[in-house]
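The values are calculated or read from the model by the stated rules, or taken from the named source; none is laboratory data. Quick caveat, the model's predicted, so the values are computed rather than measured. Every residue, glycine as well, gets a Cβ built from its backbone with ideal geometry; the counts of neighbours run over all protein chains shown. Quick note on the areas: whole protein, heavy atoms, side chains included, nothing else; ligands and nucleic acids left out. Shrake-Rupley method; radii C 1.70, N 1.55, O 1.52, S 1.80 Å.
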Amino acid sequence: MRKTILVLALVATAVAAGSAGARRSATFTYSTDPSFPPMEYVGSSGAIKGFDIDMASALAKTFGATAKPLKTAFPGLIPALSAKKCVAVISGIFVTADRLKQAGAASYMETHRVFIVRAGNPKHVTGPNSSLKGLNVVVQAGTKYEVYLKALQKKVSFHLQSYPGDNDAAAQIILGRADVQLTQDTSFAFQAKAHPGKIQLAYTFVAKDIFGVYFRKGDPIGAQVRAGLAKLKANGTLTRLAAKYKIPLKDLK
């Protein structure tokens, strides 16, 4: 009898250890386009880094997993999620009505769109109005920014050029090859620090945008993501990361 009890105890211990090991080795794979600093970008070592990357790691730990970024072009983020190549999308991506038809989402940051120009605002850009007429405007391809600017072109005549990444578009302003870039206040904070005295804000849009983590509808990971984000907000992790990457703290209201 003692032998039977001992064997059962050893089996139970092994099963428990195996389950714990499985939890520890669980992988939280998420798609991201590392071309939107400081949210996500490729560092000098070739590794993907940024606010979202650090947040994803902290988020995964709240439910006993390890985060793994899957480099994906921005237009392919939601399709990758739908195709089950990942369990989430974390990539400085807006929560929008059309995307919510395809997936669930949990918000974590409020931001504002901005027009970035060269220091001194030599073209006197004042907003999404006639001050853009005839100017060279740049934007990241496949984004809501691009959709907005294409619609605005029907009201104001300007030249629009799209680039694979936000960083690529910003470079055109810094190098003096373009006049205006439409991006986010988070991106401006990063670029202004990296290129002091080269650029400035010309206009900040009043309306707020919301960054969110996307997941498949009905997937239990959605509840874990929501609970995890709430925990990261409550314990100050998101605030610390915002300070680290020079993101306006007001964006984390």
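Accessible area per residue for the chain, computed on protein heavy atoms with a 1.4 Å probe, is 49 Å². If you wrap the Cα atoms of the chain in a convex hull and average its projected area over all directions, you get 16.6 nm².
The calculated 222 nm mean residue ellipticity attributable to helices in the chain amounts to -11500 deg cm²/dmol, summing -39500 (n - 2.57) over DSSP H runs of n ≥ 4 and dividing by all residues.
When 1/r is averaged over all different Cα pairs and the result inverted, which Kirkwood radius in Å belongs to region 150-195?
Values: mean 1/r = 0.0861 Å⁻¹.
Every distinct Cα pair counted, the radius reaches 11.6 Å.
Run down the lysines and flag those whose C-alpha is under 21 Å from the C-alpha of K217, throwing out any fewer than 8 positions away in its chain. Result set, ordered by chain and number: K68, K84, K85, K101.
Along its three principal directions, the equivalent ellipsoid of region 111-206 from the Cα gyration tensor extends over semi-axes of 18, 15, 12 Å, largest first.
Converting the Cα gyration tensor eigenvalues of region 173-216 into ellipsoid dimensions via √(5λ) gives semi-axes, longest first, of 25, 13, 11 Å.
Under 1.5 on a/c is rounded, so check that first for region 202-253, then, if it is not, pick prolate when a/b is larger than b/c and oblate when it is not; a ≥ b ≥ c are the square roots of the alpha carbon gyration tensor eigenvalues. Oblate shape, in that a/c is at least 1.5 and b/c is the bigger or equal ratio.
How much net charge surrounds P37 when only other residues with a Cβ under 12 Å from its Cβ are counted (Lys, Arg +1; Asp, Glu -1)? Present the calculation step by step, with values, prior to reporting the outcome.
Details: positive: K49, K193, K246; negative: D33, E40, D52, D166, D168.
Within the 12 Å Cβ shell, the charges total -2.
Run the accessible area of the chain with a 1.4 Å probe and give the carbon-and-sulfur part as a rounded percent.
On the way: 7220 of 12410 Å².
Within the chain, the accessible surface is 58 percent carbon and sulfur.
Counting only whole DSSP H helices of the chain, the ones at least 18 Å long by C-alpha along their axis and with mean Kyte-Doolittle hydropathy no lower than -0.5 are 2-25, 221-234.
How large is the translational diffusion coefficient of region 32-80 in µm² per second when you combine the Kirkwood radius over alpha carbon pairs with Stokes-Einstein at 20 °C and 1.002 mPa s?
Working: Rh = 11.3 Å.
For these conditions, the coefficient is 190 µm²/s.
Taking Lys and Arg as +1 and Asp and Glu as -1, the other residues whose beta-carbon sits under 15 Å from that of G104 total +4. The smallest convex shape that holds all Cα atoms of region 19-169, its convex hull, gives 134 Å³ per residue. Largest GNM mean-square fluctuation among Y41, Y214, Y148, using the chain with Cα springs under 10 Å: Y148.
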